[in-house]
Amino acid sequence: MTLARDALLLAHKDLRIELRSRAGLAATMTLGASALVIVGLAAGPDIAQLRNLAPALTVIALLFAALVLAERLDAIDREHEALVGLWLSVRDKRAIYLGKAMAMTVLLSALGLVLWLLAFVLLDVRADVSLLGILPFVLLSSSATASATVLVVAIVGAGERRVLLLPVLLMPMLVPTLLATVNGSRALMASDAVTAAGWLVVLAAEAALFIGLGLLTYEFVGAPE
Amino acid sequence: MLVMSRTRRPSIVLSARGLAKLYGGTLALVGFELTARSGELVVIRGPNASGKSTLLRLLAGLTSPSAGTINVTSEAGERVAVAFVGHAGHLFDDLSAEENLILAARLAGADTGTVMSQLDRLGLAAVAGSRCRGLSSGTRRRVALARGLATDPAVLLVDEPFAGLDAGAADLVAAVLAEARNEGRLVIVASHEDARSERLADRTIELAGGRATETGSAAAGQMR
């Protein structure tokens, strides 16, 4: 109970800070939307092709935005060594990991919905699927992405090689998430509910795996230096 | 005003044996020994780069010693809460002073009802609702100390508590540190501010080049 309560407290802290400063949200929204528009333009005006590409474009835009958001959320804790204060205050260190993953899931889900909304408009997918139908994919892929990203950010630390190490370690971990989200949302767009549900189970398993890994290892990899 | 926490504080003994810390090839601390108990105020004194901050970070468990051991034991074997107030302050810029303290207290399982009193006794009631981003460095240092105390620690480690403070604010901080000792906490302060820390100390340990010499407690308990 202490773990869940403290994680909620810390997630609330991150969301409150993010809503007050809006720096991370603005940066990720701009990056995600730009990526979607630019790749959409590069793909050309073929509507059928754009519809086919929409899930992949949206997920890739979300992944790049996740990197920016992770940097921003991590910076909140590293500025003025706030993480040192948290580390010594909190009774269960895993709450720091879980709280950060929860906050990032909320922010990525909001961003994912905005990106899908843009995809509906720019890539003309609204005839195939509703925003409500895509919601479980947005929530689960955000949860898997957030839980993996927060863990990798903690492993990489704040060193000079972080810029290189973060994407190199994170992107391979997230390939299954990317494939499950793309294939699942494509199945949804093709009105194949059974296949879509199967991919949702895969996404849920990935999210559970990453959260489990984070809870097992964060106390050893997340300590402030 | 003396603010006593409602939480029962464990009686603890901190013992450091043969403590050493190497950074690369540089010896920051060597052969450090200390045994200190609840209700003591130990001042670690020394010039810049003498190993004071390294020692506090070791005692807080924020870095591992290259050699030696640190043990913090409580009489009943319960968890010992440690607060470290470093140069950086450990505050979230976009939270108010009060929000920073409440968050720290909740995470530590301490009583949040004393938060305003903690701010008040450090002369910070007027800035309780202000975001820390807009506070002066001296005010931030006092908020950081209040944040540390809000977690109701059995061990309070404070690095240069008087740095950047005017005389009035430094006197307030000294009084609060003395109160923290009188409340039964073990308080360890690193400072190069001689006169004020001398008045405060039960014991003074001089550090120079990472090596320690204990100079006793000439003015011990003057501020009790």
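Readers should treat all values here as calculations from the given coordinates under stated rules, not as data from a laboratory. Being a predicted model, the structure only gives us computed values, none of them experimental. Positions of Cβ are generated from backbone atoms using ideal geometry, with glycine treated the same way; all protein chains shown enter the neighbour counts.
Out of every Cα pair in the protein assembly as shown, what percent are spaced more than 29 Å from each other?
So the pairs more than 29 Å apart make up 53 percent of the total in the protein assembly as shown.
With labels modelled as points extended 7 Å from the Cα through the Cβ direction, what inter-label distance (nm, one decimal) is found for residue A:75 paired with residue B:111?
For residue A:75 paired with residue B:111, the spin-label model returns 4.0 nm.
For each of B:52, A:93, A:100, count neighbouring Cβ atoms within 10 Å of the residue's Cβ, then give the residues from fewest to most.
A:93, B:52, A:100
Give me the percent of DSSP beta bridges within the protein assembly as shown that run antiparallel, rounded to the nearest 5.
Roughly 55 percent of the DSSP beta bridges within the protein assembly as shown come out antiparallel.
Under 25 °C and 0.890 mPa s, how fast does chain B diffuse according to Stokes-Einstein, given a Kirkwood radius computed over C-alpha pairs? Answer in µm²/s, whole number.
140
What angle do you read, to the nearest 10 degrees and between 0 and 90, between the alpha-carbon axis of helix A:193-221 and the longest principal axis of chain A?
Value to nearest ten degrees: 20.
Please report, largest first and rounded to whole Å, the three semi-axes of the ellipsoid equivalent to region B:98-224, where each semi-axis is the square root of five times an eigenvalue of the C-alpha gyration tensor.
The equivalent ellipsoid of region B:98-224 has semi-axes of 26, 16, 13 Å.
Could you put B:204, A:217 in order, starting from the residue whose Cβ has the fewest other Cβ atoms within 10 Å?
A:217, B:204
Only helical DSSP H runs with n ≥ 4 go in: add -39500 (n - 2.57) per run for chain B, normalise by residue count and round the 222 nm mean residue ellipticity to 500 deg cm²/dmol.
-8500 deg cm²/dmol
Taking every residue in B:142-148, how many Cβ atoms of other protein chains lie within 10 Å of its Cβ, on average?
Per residue, the number of nearby Cβ atoms from other chains is 1 on average.
Under the classification rounded if a/c is under 1.5, otherwise prolate if a/b is larger than b/c and oblate if not, where does region B:7-138 fall, given a ≥ b ≥ c as square roots of the Cα gyration tensor eigenvalues?
Judged from the Cα gyration tensor, region B:7-138 comes out oblate (a/c at least 1.5, b/c at or above a/b).
Of all the C-alpha pairs in region B:21-93, what % are more than 21 Å from each other?
35
By how many nm would the segment from residue A:2 to residue A:48 lengthen if fully extended, with 0.36 nm per residue of separation less the alpha-carbon distance?
Gain on stretching residue A:2 to residue A:48: 11.5 nm.
Tell me, B:69, B:139, B:63 in order of fewest to most beta-carbon neighbours within 10 Å?
B:69, B:63, B:139
Considering every residue in A:3-13, what mean count of other chain Cβ atoms within 10 Å of its Cβ is obtained?
2
Given a Förster radius of 45 Å and the C-beta distance between residue A:201 and residue B:13 as r, what FRET efficiency does 1/(1 + (r/R0)^6) yield to the nearest 0.05?
Working from the Cβ atoms, E equals 0.25.
What do you get for Rg/Rh of chain A when both radii come from the Cα atoms and Rh is the Kirkwood radius?
On the Cα set of chain A, Rg over Rh gives 0.99.
Starting from the amide H of residue B:29, placed 1.01 Å from N in the peptide plane, find each other amide H under 5 Å away whose residue is 5 or more places distant or on another chain.
Placed amide hydrogens put B:21 under 5 Å from residue B:29.
Rounding to the nearest 10 and keeping the result within 0 to 90°, find how far the Cα-based axis of helix B:97-108 lies from the longest principal axis of chain B.
With rounding to tens, the tilt is 60 degrees.
Name the shape class, rounded, prolate or oblate, that the alpha-carbon gyration tensor gives for region A:115-225, where a ≥ b ≥ c are the square roots of its eigenvalues, rounded holds for a/c under 1.5, and otherwise prolate holds if a/b is larger than b/c and oblate otherwise.
Taking the square roots of the gyration eigenvalues as a ≥ b ≥ c, region A:115-225 is prolate.
Can you work out the FRET efficiency for the pair residue B:22 and residue A:217, with r the C-beta to C-beta distance and R0 = 22 Å, to the nearest 0.05?
0.25
Could you give the angle, 0 to 90 degrees to the nearest 10, between helix B:167-182's Cα long axis and the longest principal axis of the Cα atoms of chain B?
With rounding to tens, the tilt is 70 degrees.
Go ahead and estimate [θ] at 222 nm for chain A from helices alone: -39,500 (n - 2.57) per DSSP H run with n ≥ 4, summed, over the residue count, rounded to 500.
-30500 deg cm²/dmol
Give me a single rounded figure for B:81-88: the average over its residues of other chain Cβ atoms within 10 Å of their Cβ.
4
Assuming R0 = 30 Å, can you tell me the calculated FRET efficiency for the pair residue A:193 and residue A:117, based on Cβ-Cβ distance, to the nearest 0.05?
Computed FRET efficiency for residue A:193 and residue A:117: 0.85.
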